[in-house]
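Visitor: I am attaching a structure below and will ask some questions about it afterwards.
The values are calculated or read from the model by the stated rules, or taken from the named source; none is laboratory data. Source: prediction; values computed, not measured. As a convention, Cβ positions derive from the backbone with ideal geometry for all residues, glycine included, and neighbour counts pool all protein chains shown.
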Amino acid sequence: MDTTGVLSGKTISKIAAGGYMTYVVSTLSNVYSCGSIFIPFSSTFVGPGDGSATIRYTPITVSTSALGSKMISDIKATGANVVVLTSDGYVFAMGDGLYGQVSILFDISIIFSSLEMVL
């Protein structure tokens with residue numbers, strides 16, 4: 001993974017990968033992503049973390065504003081979803097949710113652009 005750009009000077013504490021995407025968490029609980037998510041029903045690729053139709057070859061910053069000051073203790077990724085657990089037990093997710101797997105209504109403009117609290 002490219003450690004220049006948004007990862008320059010960051011210390012990585014966690015990493016998760018699934019499908020065609022990779023997520024990393026810094027020690028300050030910032031989340032970064034690269035790769036793409038394939039959406040089978042529309043035969044398109046979506047950039048994880050920004051919802052664009054762009055395959056990300058270098059990491060970008062994922063919006064974690066919903067976390068507030070919560071610290072991430074773990075992260076897991078599947079083919080089209082990412083879930084984070086905070087140190088105080090809250091769960092945030094981002095992903096397709098087409099079948100309810102991340103408890104977020106299916107809306108491409110939202111689901112691939114930021115982490116949202118689900119539990």
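Visitor: Which one of T3, T27, T11, T64 is within 19 Å of S114 (Cβ to Cβ) and of a type in the set (S, T, N, Q)?
Guide: T64
Visitor: Next question, about the same structure. Can you confirm whether D50 is of a type in the set (D, E, K, R) and either at pLDDT below 85 or part of a loop (DSSP other than H, G, I, E, B) (or both)?
Guide: The answer is yes for D50.
Visitor: Which of (1) within 14 Å of S33 (Cβ to Cβ); (2) buried (at least 16 other Cβ atoms within 10 Å of the Cβ); (3) modelled with pLDDT of 90 or more does K76 not meet, given it meets every other one?
Guide: Status for K76: all satisfied but (2).
Visitor: Taking the residues in segment 84-111 that are at pLDDT 90 or above and among the β-branched types (V, I, T) as candidates, determine which candidate is nearest to the chain's Cα centre (by Cα).
Guide: Out of the qualifying residues, it is V84.
Visitor: Turning to a different aspect of this structure: Just the residues that are closer than 13 Å to Y23 by Cβ, of a type in the set (G, A, S) and assigned to a loop (DSSP other than H, G, I, E, B), please, taken from segment 53-78.
Guide: The answer is none; no residue qualifies.
Visitor: With respect to S36, is the statement that it is touching a Lys or Arg at 6+ places or on another chain (Cβ under 8 Å), hydroxyl-bearing (S, T, Y) and in a strand (DSSP E or B) true?
Guide: Yes: the conditions hold for S36.
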